[in-house]
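The values are calculated or read from the model by the stated rules, or taken from the named source; none is laboratory data. Please read these numbers as outputs of a predicted model, since none were measured by experiment. All Cβ positions, glycine included, derive from the backbone under ideal geometry; neighbour counts span all protein chains shown. Accessible surface is based on the protein model in full, side chains and every heavy atom, while ligands, DNA and RNA are left aside. Shrake-Rupley method; radii C 1.70, N 1.55, O 1.52, S 1.80 Å.
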Amino acid sequence: MRNLQILIILLSASLLVWIAVLIDAVLGLKSLDRLEDSNTMTEGPLLSVITAARNEEAKLAESLETQLRQSYKRIEWILVNDRSADSTGSIMDHIQKNDSRVKCIHIDSLPCGWLGKNHALYKGYMESSGELILFTDADVLFKKEAFSKAVHYFSKNELDHLTAAPSLTGRSFWLNTFIAFFLFGFSYYKRPWLANNPRSKSGVGIGAFNMVSRRSYEAIGTHKAIKMRPDDDLMLGMKIKQNNHRQKFATAMDLIEVEWYESLIEAFKGLEKNTFAGLHYRISMVLFAIAGTFSSQVLPFLTIFSTDKVIFNLSLANIIFLAGVYTIITKRMTNFSPLLFTVFPITALLFIYSIIRASILTLVRGGIVWRGTLYKLSELRNKH
């Protein structure tokens, strides 16, 4: 009897959460614009595109090719080779040699107190001169009108910061289910649509596309203010919003594309660097995240087989509302089919595994390994 009562309490609490999340998501997603719907402009403020890369020879050339053929005219590129051991630097030098709009920077060493990517982006900023700055990654693919639509949208809305959600792609079924689940979790946990609410202090940033005015970037202290944050893209957006600058979050899934990871194993490895950071480097938060994910996103799929009518009905209601939240987020934030929900509890267990794996590895290593460098947990916590 006691176990039944506990299950009823857990399922009831979970149901109330998903009802609230569904209402919030329905209202919030309405505030998101599509960059595809924006007009274009070919002339305007100088845009400095800053791309930092470390050992990105496989995807760098293709990414830069899509950037260099943009219809927007006033662009300069600052390419930062961050201590690469492959041909990344050579690819950058070759592009610089053939395009006067491109400038390369080669970094040979990392100063104390900096994460590599953050330092590289900061060095890129130091060499830039644009009124607008776009921080992007070395594996992002852009359609020809992406920059022109973004600059027009930025100018029309008198923004200080614009971040855009790209289409994330994967090569396998299970990787795609994991990506969809990750975006589902990111959406209900971070509520990115709050970035579009001027009264909210909640901000967001996405590494594939962070466009910021030079004035606002300098006002928040540049990447110096977040130099030990592995979730630099998110923190950049949060800093900007917390300092009362005007921010917008939009989707751009037909304009910007990123292959998230090549495999599910690579996704697990990639999440090592920011999972523990996202949980504030606290074991209590890790345990809370695991328990919360299991009880709200796995348990109802187990208790649906209960012979107790109350538990069955609560489980069914949980699954229905979960499916509702998953469907509207997946249709608005991804190019995936909502039918991936059919394996939702398995994907939730994979996500729990990724939390446990990342947290244990961080504790065992005494820090995170990012771009080939170990950053000590003590330093990360001090700068958190």
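Which one of these is within 24 Å of the chain's Cα centre (by Cα) and more than 19 Å from residue 237 (Cβ to Cβ): 156, 144, 97? Quick ask: steps written out before the conclusion?
Numbers: 156 fails: within 24 Å of the chain's Cα centre (by Cα); 97 fails: within 24 Å of the chain's Cα centre (by Cα).
None of the other options fit; the residue is 144.
Any idea which of (1) over 24 Å from the mean Cα position of the chain (by Cα); (2) assigned to a helix (DSSP H, G or I); (3) of a type in the set (Ser, Thr, Tyr) is the one residue 72 doesn't satisfy?
Every listed condition holds for residue 72 apart from (2).
Of all residues being farther than 22 Å from residue 287 by Cβ and part of a helix (DSSP H, G or I) in the stretch 347-384, which is modelled with the highest pLDDT? Just the residue, please.
Filtering the stretch 347-384 for residues farther than 22 Å from residue 287 by Cβ gives 369-376, 379, 382-383.
Those still in the list that are part of a helix (DSSP H, G or I) too: 379, 382.
Details: 379: 79, 382: 69.
Across the stretch 347-384, the extreme among qualifying residues is 379.
Residues that are buried (at least 21 other Cβ atoms within 10 Å of the Cβ), at least 3 per element: which strands (runs of 3 or more DSSP E) completely within the stretch 122-241 meet that?
132-136, 161-165, 210-213
Can you tell me which residue in the stretch 364-380 is nearest to residue 277 (Cα to Cα), limited to those that are among the small types (Gly, Ala, Ser) and surrounded by 12 or more Cβ atoms within 10 Å (Cβ to Cβ)?
Within the stretch 364-380, the subset among the small types (Gly, Ala, Ser) is 366-367, 372, 378.
Next, from what is left, pick out any that are surrounded by 12 or more Cβ atoms within 10 Å (Cβ to Cβ): 367, 372.
Details: 367: 10, 372: 18 Å.
Checked the stretch 364-380; the qualifying residue nearest to residue 277 (Cα to Cα) is 367.
Is there any pair linking a residue in the stretch 172-198 that is closer than 19 Å to residue 237 by Cα to one that is basic (Lys, Arg) and open to solvent by 20 Å² or more (accessible area, probe 1.4 Å), with Cβ under 7 Å and at least six apart or on different chains, and which?
195/248; 196/248
Could you tell me how many of the residues in the stretch 242-291 are in a loop (DSSP other than H, G, I, E, B), among the aliphatic types (A, V, I, L, M) and within 15 Å of residue 178 (Cβ to Cβ)? Write out each step before concluding.
Going through the stretch 242-291, the residues in a loop (DSSP other than H, G, I, E, B) turn out to be 243-246, 252-255, 260-263, 271, 279-282.
Of the ones still in play, those that are also among the aliphatic types (A, V, I, L, M) are 252-253, 255, 271, 279.
So of that shortlist, the ones also within 15 Å of residue 178 (Cβ to Cβ) come out as 271.
Residues meeting the conditions: 1.
Find all pairs meeting these conditions: Cβ atoms under 7 angstrom apart; at least six residues apart or on different chains; first residue within the stretch 1-20 and more than 13 Å from residue 317 (Cβ to Cβ); second residue exposed (fewer than 15 other Cβ atoms within 10 Å of the Cβ).
Listed by first residue and then by second, the contacts come to 4/308.
When the residues of the stretch 90-121 are filtered to those that are in contact with a helix residue (DSSP H, G or I) (Cβ under 6 Å, 6 or more places away or on another chain) and touching a residue at least 60 places away in the same chain (Cβ under 8 Å), which remaining residue is most open to solvent (accessible area, probe 1.4 Å)?
Looking at the filtered set, the residue picked out is 110.
Test of understanding: among 58, 85, which residue is closer than 17 Å to residue 141 by Cβ, part of a loop (DSSP other than H, G, I, E, B) and aliphatic (A, V, I, L, M)? It would help to see each step written out before you state the result.
Numbers: 85 fails: closer than 17 Å to residue 141 by Cβ.
When all the criteria are applied, what remains is 58.
Look through the stretch 110-137, keep the residues that are at pLDDT below 95 and small (Gly, Ala, Ser), and return whichever of them is farthest from residue 210 (Cα to Cα).
113
Does residue 323 satisfy being among the small types (Gly, Ala, Ser) and within 25 Å of the chain's Cα centre (by Cα)? Step through it out loud before you land on a result.
Numbers: among the small types (Gly, Ala, Ser): yes; within 25 Å of the chain's Cα centre (by Cα): yes.
The answer is yes for residue 323.
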